[in-house]
Amino acid sequence: MTSPIPVLITLPVLIGLTLVLAGRFWLLRDSVVDRLINRALAATLFANLLQEAWFEQSLAWLLPGDDSDVVNIARQLSLGVAVLTISHVYAVAKLWAGADPAHTWRRQWYYYLGTVTATAVILIAGTPARRADQLIDQSLGWPAVVVWVAFSLPLGATAVLLGRVCVREMRTAVDTTWQERALHAASLCSTVGLGVIAVVYPLEAAVSVMTGQPSFAPEMHWKGWSGFLLSAVAVPATVTVPLISTLLTHLGWDRTGRYCRRLRPMWADLTAAVPEIVLEMRRDHNGRTDPAIRLHRMTVEIRDSLLHLKRYSDSPDDLAATGGDPHIYARRIAEAIATKAAGHSPSATPFTPRHQIRPGTRDLTAELRQLLGLAKAWSRVRTTTKSPVASYRQLRTQ
C-alpha cells in the first residue's frame, strides 16, 4: 500500500530513523542484540520507503516493466520487508526469553526462511490485486484474507513472546534505571500494537468477505497510519533510549565522563610528576575505554601519586586529607611536585609511616567527592603564574 501520510510528516521521521540507524551502526554494533536491532531498523526504513509515493515512482522510473506493476509490487513487497523486521524483533525477544546466544544466527536463518515464505505467499495471493491495479483491500476476496493471515502470523507470534518477556521483566525488576523502565514501557506499548494489528487485519478482511460487504477502509488509510506509527515511531523510539545513553557516554557528557574531565587536569600533573605509577589502559577494538573503568583508574593513580609525593613534603598530614581547606592541600601538593622537580631527595622512608596516614572514608562516593573538591582547588593553583606548579612546568621544559 502507498502511505496516506503527508510527506511533511513522513520525511522528517524517516530522516530521524536514518540518523538513529547511522548512530547505532557507529556506536552500538558489538553485541548480538545490537546487530539484530540494527538489521531490524534497516528493514523498517526500507519497508517505509517502499510505501512512499515518491519512492515508488522513482522505482517505476528506474526499473523496467509497466509502471503500475512496479508500484504494486513495491506496495506488496513492503509487507514482506515488514515481516523481515519482525523476524529480527522475534530473535531479540528469544534472547531476552533465555535462548542460547551461541545459536542466534542459526535460528535467524530459520526466521529468514519463514520471512521468505510469508513474502512469497503475500505476492502470490496479491496477484489478483496487482492485475486489477488495486490495493489489497480494494480487490478483497479470499486472496486478501490469505495475504493478511500470512502477514499477521509472524506479528502475532512476536507479540505473544515479547509480551511474556515484558511482563516477566516488569515483575522481577527491582532496582532499574530510567533507561530500563523506558525500554520496558516502550516495548510493552509496541507489543500491544503488534497484537492489535495481528488480530484486526485478517479478522476485518475475513468478516468483509464472509458478509459480502466492502472493506471498512478500502484505501487502507488506517492501516497505513497504524503501521507507520508502530514501525517508524514506536519501535525506533524503543532503541533510541540506549543510543542516547551511549552517545552521551561516548561524548563524555554523562556523569562519569564529567567527573573524568574535572579530575583530568590534576591527574595529568600528578602522573607527569610520578609517571611510574601509570599503568596501560585497556581499550576495546574501537580504541574506547569504559568511562567507569577510566574514572576508577584515575582515582587510584591520583591516590598512588599523592602517596609517592608525600615523601617530598614537609607536612605531617596526608596530601589529600579528608578534612580542612582543599586549597591548602593543593598548595602542599604543588610544593611537593616542585621539590621533586628541583632534584631534592625524598625522605628516608620509602612510604609514609602508617600512624601518619589518614585513611579517610572508605565510602567511594565520599572519596570521589573529596578528590573533585581537591581538583577544583588544584585548577586555581596550577594557573597561578608564580605557583610551584608553574615553576615545575618551567623546569620540565628546560
Which listed residue is closer than 21 Å to F151 by Cβ and out of contact with any Leu (no Cβ under 8 Å at 6 or more places or on another chain), from V71, V89, V121, V81: V121
Meets criteria (part of a helix (DSSP H, G or I) and either among the hydroxyl-bearing types (S, T, Y) or at pLDDT 75 or above (or both)) for V235: no
Selected residue (only one of V121, V71 is over 31 Å from the mean Cα position of the chain (by Cα), in contact (Cβ under 8 Å) with a residue 24 or more places away in the chain, closer than 20 Å to L45 by Cβ and surrounded by fewer than 22 Cβ atoms within 10 Å (Cβ to Cβ)): V71
Looking only at segment 73-119, and only at residues there that are small (G, A, S) and either outside the structural domain of A198 (by TED's automatic domain parsing) or not in a helix (DSSP H, G or I) (or both), the one that is farthest from A132 (Cα to Cα): G98
Single residue of A93, A129 found to be aliphatic (A, V, I, L, M) and modelled with pLDDT under 90: A93
Candidate set from segment 285-316 (those that are at pLDDT below 80 and crowded, with 17+ Cβ neighbours inside 10 Å); member that is farthest from the chain's Cα centre (by Cα): S313
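Confirm whether S187 is more than 24 Å from F25 (Cα to Cα), assigned by TED's automatic domain parsing to the domain that holds F46, touching an Asp or Glu at 6+ places or on another chain (Cβ under 9 Å) and modelled with pLDDT under 85.
Spelling it out, it is not the case that S187 is more than 24 Å from F25 (Cα to Cα), assigned by TED's automatic domain parsing to the domain that holds F46, touching an Asp or Glu at 6+ places or on another chain (Cβ under 9 Å) and modelled with pLDDT under 85.
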Flag for D133 being crowded, with 18+ Cβ neighbours inside 10 Å, among the acidic types (D, E) and touching a residue at least 12 places away in the same chain (Cβ under 8 Å): no
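Yes or no: L36 modelled with pLDDT under 90 and closer than 19 Å to V165 by Cβ? I'd like the intermediate steps shown before the answer.
Details: modelled with pLDDT under 90: no; closer than 19 Å to V165 by Cβ: yes.
It is false that L36 is modelled with pLDDT under 90 and closer than 19 Å to V165 by Cβ.
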Enumeration of residues in segment 212-228 that are of a type in the set (D, E, K, R) and either surrounded by fewer than 14 Cβ atoms within 10 Å (Cβ to Cβ) or assigned to a loop (DSSP other than H, G, I, E, B) (or both): E219
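Which fully enclosed helices (runs of 4 or more DSSP H) of segment 1-62 have 1 or more residues being under 22 Å from the mean Cα position of the chain (by Cα) and surrounded by 17 or more Cβ atoms within 10 Å (Cβ to Cβ)? If you could, list the steps in order and put the result at the bottom.
Numbers: elements: 7-27, 32-50, 53-62.
Helices (runs of 4 or more DSSP H) meeting the threshold: 7-27, 32-50.
Residues to consider are L41, L27, L14; find the one that is in contact (Cβ under 8 Å) with a residue 24 or more places away in the chain and over 30 Å from P202 (Cβ atoms). Spell out the reasoning first.
On the way: L41 fails: over 30 Å from P202 (Cβ atoms); L14 fails: over 30 Å from P202 (Cβ atoms).
The unique qualifying residue is L27.
The values are calculated or read from the model by the stated rules, or taken from the named source; none is laboratory data. Remember, it's a predicted structure, so these values are computed and weren't measured experimentally. Neighbour counts are summed over all protein chains in view; Cβ atoms, including those assigned to glycine, are modelled from backbone coordinates with ideal geometry.
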